[in-house]
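Everything below concerns the one structure shown next.
The values are calculated or read from the model by the stated rules, or taken from the named source; none is laboratory data. Only a predicted model underlies this, so the values are computations on that prediction, with no experimental measurement involved. Here Cβ is always computed from backbone atoms with ideal geometry, including for glycine, and neighbour counts include all displayed protein chains. Ligands, DNA and RNA are stripped out before the accessible areas are found, and what is left, the full protein with its side chains, is counted by its heavy atoms. Shrake-Rupley method; radii C 1.70, N 1.55, O 1.52, S 1.80 Å.
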Protein chains: 4
Amino acid sequence: VQDVQNNPAGIPLAIDRVGVKGLRYPLLVQDRDQGHQHTIARVDLFVDLPAKFKGTHMSRFVEVLQDFSGILDYPNFKNLLREIRGRLQARRAHLSFGFPYFMPQRAPISASRSLMDYECTLNGELDAHDNLRMYLRVKVPTMTVCPCSLAIADNGAHSQRALVSINCRFHGMLWLEELIEIGQASASCPVYSLLKREDEKQVTEQAFDNACFVEDVVRNAANSLQGHKLIDWYLVEVESFESIHNHNAYACIESVAQRAKD
Amino acid sequence: VQDVQNNPAGIPLAIDRVGVKGLRYPLLVQDRDQGHQHTIARVDLFVDLPAKFKGTHMSRFVEVLQDFSGILDYPNFKNLLREIRGRLQARRAHLSFGFPYFMPQRAPISASRSLMDYECTLNGELDAHDNLRMYLRVKVPTMTVCPCSLAIADNGAHSQRALVSINCRFHGMLWLEELIEIGQASASCPVYSLLKREDEKQVTEQAFDNACFVEDVVRNAANSLQGHKLIDWYLVEVESFESIHNHNAYACIESVAQRAKD
Amino acid sequence: VQDVQNNPAGIPLAIDRVGVKGLRYPLLVQDRDQGHQHTIARVDLFVDLPAKFKGTHMSRFVEVLQDFSGILDYPNFKNLLREIRGRLQARRAHLSFGFPYFMPQRAPISASRSLMDYECTLNGELDAHDNLRMYLRVKVPTMTVCPCSLAIADNGAHSQRALVSINCRFHGMLWLEELIEIGQASASCPVYSLLKREDEKQVTEQAFDNACFVEDVVRNAANSLQGHKLIDWYLVEVESFESIHNHNAYACIESVAQRAKD
Amino acid sequence: VQDVQNNPAGIPLAIDRVGVKGLRYPLLVQDRDQGHQHTIARVDLFVDLPAKFKGTHMSRFVEVLQDFSGILDYPNFKNLLREIRGRLQARRAHLSFGFPYFMPQRAPISASRSLMDYECTLNGELDAHDNLRMYLRVKVPTMTVCPCSLAIADNGAHSQRALVSINCRFHGMLWLEELIEIGQASASCPVYSLLKREDEKQVTEQAFDNACFVEDVVRNAANSLQGHKLIDWYLVEVESFESIHNHNAYACIESVAQRAKD
């Protein structure tokens, strides 16, 4: 049987990334408090392709994934990238897992426990010299109260849900929980799945005592990330679903430089 | 050349709806104030298929649409349905146009004018006896302030964007603007694209003076639709994107009976 | 502290459904072959609300869900509905879990095993007399080869992915796997995550030997559902993402009558 | 009335982009053949914010947009950016319009005319020295036939819709139509809204005579863009919705260097 992919390329241009996109796969991810938790990921797997080859072998990406235990920790993640790079005879391999992650929250007064979900993405690229660059992204829903509305209205102020998205390049063991907590602490108030009457009172008052523009939220988050020892680069984005409009307020800060870390 | 579609069906079951889905087409829709406005629709075109035929002729749906002037008024809409029913040799034809529609809003104090967009859908079904059933749906973004939060908090109350979706079967000339206005009037406050400082003060205060649960909003809208002379059936749904949670509050009312209308 | 929700309604209209929408929650669902599998659901929880009450108590829905073990079987599902109905002092309770479900597939020649995911929804409504109506929906990706293109072209025929969506009301123990298998068997060929060269050859040839319009696919599925002992009503929809167009072909059949079942 | 935004920032960090996101606005865009066409855009408007200011003035972005004629040509686009930069007292302004664009296509044999829509985005950034960087992106649906499947199967080959996404930085007058045509010419065959029987035969045969991996498609497109006089940088991405799988094949090429142009 003919191996069409190994034919010479018609147009000899190197391809930056080629592979499979949008596979779903069950994962066991590391949980700071409980050891691990089950989730379901959307997976992308890519390699580079030199100018001389017509095509890559798409089924090998899927084989590598199907052989993967689904236990997502640092050694397995790096092995998976090595496996892809090797099986595809490539110089670079790229891997992305996007998944919902649950972190229990305690309501502020009643201490009622409930699960909140956060969209997370773990991204990695392994080069020919075995250097691994890893990126973690979390999307943290929060609440903002508008300082301007609060200052000018005789009564009340508009509030809304706002999504704080933190993407960072990191080294070492960075917990999802740390990024989630940075996101939560940056806005007027965290959001919760379960709030009893006394909690709703507290959350409302806390948010109104801590009114924030998207500008404030993005700076608060950037400030926390700036000082983090495991984080080499970050991009924080905040999108606030303004309740008085049908459009959103947005702000972003990208860390300017790769800083030396201990 | 063989006409495969006219072969007998392998399994002689009647098909309720068959056709094309997700075509985009530019439209000129009727605007209460300006005569008409340009928009772009997502279009579905279906017919029924008797048990004896293997297939319908998909390209004819597209031909009918391409021949359509794009001017969406009652006679053209009915003619389009007749044309589909005829060209496809069917008993029933079904047609759906979904499109954004702009309605200018005036800010409450400064009277600054800005455009707000609303997702609208016009749906029609024409039967073998030329009876036409028409449905209009609008999605109206609004603002809600939580009455519970307002009652219990010493300061403030959480507010959020809420989407009021009104679907109705109607006869006669029902303006999109009428449904939009019903949606806007049902919640704590309408939302606007452009609000200056003095408007933001007014909108905040108005919303706080008119705190609404989703239950209140859905009842307000149902109450307005109940009395409307051109409306034969309705379904109102309200979804409020709670700013203290990452989930939504929801309520719906469907009109119970087809009422006789003058 | 005031209980605003128990105030009389301003407009005394009964509300069909009111509750929370879009919560996420981890589940353990029943798996025909392996006993169970972990997944993550999007959850809606609703009750009816009589005309006399101003509001329902949204936090109670979340409390009931947070107390739920997450083990999704018939007794737990019914108990959850009873719990909601009771805690919310309602006459009817409605519950919906939407989740991805994995079913391993064997490639046709190499027998390579890989996981395929299917979007599933379990829906239930419990009335005041403890009657439970249950609905199961699965979305099954498949492949279609166009019979018309095959008949008229000297070489080849266009093929594409097509989504078979089966929604049914059922009684007894209906496995997700049964509905998935009905969907897969209705089109030109199932789709797989992992196909080696010899499998790709087989899948291509099988699909070309079994060319299907959406009309054929929807009838094949309806025919299988029609005869199913546990199914009391069904709606099959097929949407084929035509590779020669940027729009889709669509067909649906709804079962006409509730049939008596043994 | 207090101007909260002009207060000093609590945390003096410069913000890269701040503004409004997701506004919709009607546009008149330039059409190579007809002069212009009506469309509806999703609009983002951002500026930078120096470290010393607490907030920007969100309503001014909307004011600038509402004052815009909607006629999207080069002078108006640059003026709009200048207006934003000036009104917001910023150093840099950023603007993005995303909109569907129609280009009529002729079926290859019958010459039947039909409208095809393409998702387009025009992006611009104006710096403090009045340098304008402009980006144009088009998403072009096409058809791919798998060369491997064609080589190994005794009969047929799988085909599918594939999306070619071209993003480029350009100078001068670059027509949307040029990018669309590059995308269409890169795959096995363009797709059409309306194909009669004789056209479907032709399209099928043409696609089968021109089987393409995503690797071929991305190189074909890159090759055309590489030589284009108005294009200073590009990123081509191809995503093919494999009909034998439920996941997609993907490839991308980013132009390596900013090349000197005439």
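Computed over neighbours whose Cβ is under 11 Å from that of B:D117, the net charge equals +2, Lys and Arg +1, Asp and Glu -1.
If R0 equals 30 Å, the separation of the Cβ atoms of D:D130 and A:A185 corresponds to a calculated FRET efficiency of about 0.15. Between the C-alpha center of the stretch A:157-176 and that of the stretch D:1-70 there is a gap of 24 Å. Net charge of the neighbourhood of A:F102, taken over other residues with C-beta under 10 Å away and scored Lys/Arg +1, Asp/Glu -1, is -1. Phi-derived couplings, Karplus 6.51 cos²θ - 1.76 cosθ + 1.60 at θ = phi - 60°, listed residue by residue for the stretch D:96-106: 9, 10, x, 7, x, 10, 9, 9, x, 10, 9 Hz, with x used for Gly and Pro.
Can you give the local net charge around D:S224? Use residues other than it whose beta-carbon is closer than 14 angstrom to its beta-carbon, Lys and Arg +1, Asp and Glu -1. All intermediate terms of the calculation are to be shown ahead of the outcome.
On the way: positive: D:R219, D:K229; negative: D:E177, D:E178, D:E181, D:D216.
Here the charged neighbours net out to -2.
Per-residue shielding of B:38-46, expressed as the average number of other chain Cβ atoms within 10 Å of the residue Cβ, stands at 4. Full extension of the segment from B:V256 to B:N7, taken as 0.36 nm per residue of separation minus the current Cα-Cα distance, would add 85.3 nm. Short-range pairs are left out: with C-alpha atoms under 8 Å and at least six residues apart, the relative contact order of chain A is 14 percent. For B:A14, the distances from its label point to the matching points in the remaining copies are 3.2, 6.4, 7.1 nm, ordered from shortest, with each point set 7 Å beyond Cα toward Cβ.
Position D:P75: other-copy label points at 4.2, 6.9, 7.9 nm, ordered by increasing distance, label point 7 Å along Cα→C-beta. Compute the distribution of all C-alpha to C-alpha distances in the stretch C:172-254, in bins of 10 Å from 0, and list the percent of pairs in each, rounded to whole numbers. Reading upward from the zero bin: 16, 42, 32, 10, 0. Expressed in Å, the radius of gyration and Dmax of the Cα atoms of the stretch D:159-217 are 13.5, 42.
Please give the average number of partner chain Cβ atoms lying within 10 Å of the Cβ of each residue in A:8-20, rounded to a whole number. All intermediate terms of the calculation are to be shown ahead of the outcome.
Details: counts 0, 4, 6, 10, 2, 8, 4, 10, 10, 7, 10, 5, 7.
Per-residue shielding by partner chains comes out at 6.
Evaluated on the stretch C:17-167, the Kirkwood hydrodynamic radius is 18.0 Å, with distances taken between all distinct Cα atoms. In the protein assembly as shown, helical runs assigned H by DSSP with n ≥ 4 each contribute -39500 (n - 2.57); averaged across all residues and rounded to the nearest 500, the mean residue ellipticity at 222 nm is -8000 deg cm²/dmol. Rounded to the nearest 0.05, the FRET efficiency derived from the C-beta distance between B:E119 and A:Q34 at R0 = 35 Å is 0.25. For the stretch A:115-262, the mean projected area of the C-alpha convex hull, equal to one quarter of the hull surface, is 10.6 nm². Lysine pairs in chain C whose alpha-carbon atoms fall under 29 angstrom of each other, counting only those eight or more residues apart or on distinct chains, come to 14.
Angle check, please: helix C:214-226 long axis (alpha carbons) against the longest principal axis of chain C (alpha carbons), in degrees 0 to 90, nearest 10. Taking Cα atoms only, the helix is inclined about 60 degrees. Quick check on the stretch A:81-134: take the gyration tensor over C-alpha atoms, sort the square-rooted eigenvalues as a ≥ b ≥ c, and tell me if it's rounded (a/c under 1.5), prolate or oblate. Prolate, because a/c is 1.5 or more and a/b exceeds b/c. Between identical copies, the spacing of B:A151 label points, each set 7 Å from Cα toward the C-beta atom, reads 3.4, 6.8, 7.3 nm from nearest to farthest. Largest first, the extents of the alpha carbon coordinates of the stretch D:1-102 on the three principal axes equal 53, 24, 19 Å.
Axis of helix A:74-87 versus longest Cα principal axis of chain A: the two differ by about 30°, to the nearest ten degrees. Measuring from each Cβ of chain A to the axis carrying A onto C, the nearest residue and its distance in whole Å come out as A:H38, 2.
Enter the buried accessible area of the A/D pair, total of both sides, probe 1.4 Å, in Å² rounded to the nearest 100.
Numbers: alone 13990 and 13990 Å², together 24200 Å².
The buried area between A and D, both sides summed, comes to about 3800 Å².
What shape does the protein assembly as shown take by its C-alpha gyration tensor, where a ≥ b ≥ c are the square roots of the eigenvalues and a/c under 1.5 counts as rounded, a/b above b/c as prolate, and the rest as oblate? Display every interim value, and only then the final one.
Numbers: a/c = 1.27, a/b = 1.13, b/c = 1.12.
Rounded, since a/c falls under 1.5.
Using the Cβ-Cβ distance between A:A111 and C:N79 with R0 = 25 Å, the FRET efficiency computed as 1/(1 + (r/R0)^6) comes to roughly 0.45. Rounded, prolate or oblate, given the Cα gyration tensor of the stretch A:107-155, with a/c below 1.5 counting as rounded? Oblate, because a/c is 1.5 or more while a/b does not exceed b/c.
Highest average first, the peptides A:136-148, A:61-73, A:42-54 ordered by how many other beta carbon atoms sit within 10 Å of their residues are A:136-148, A:42-54, A:61-73.
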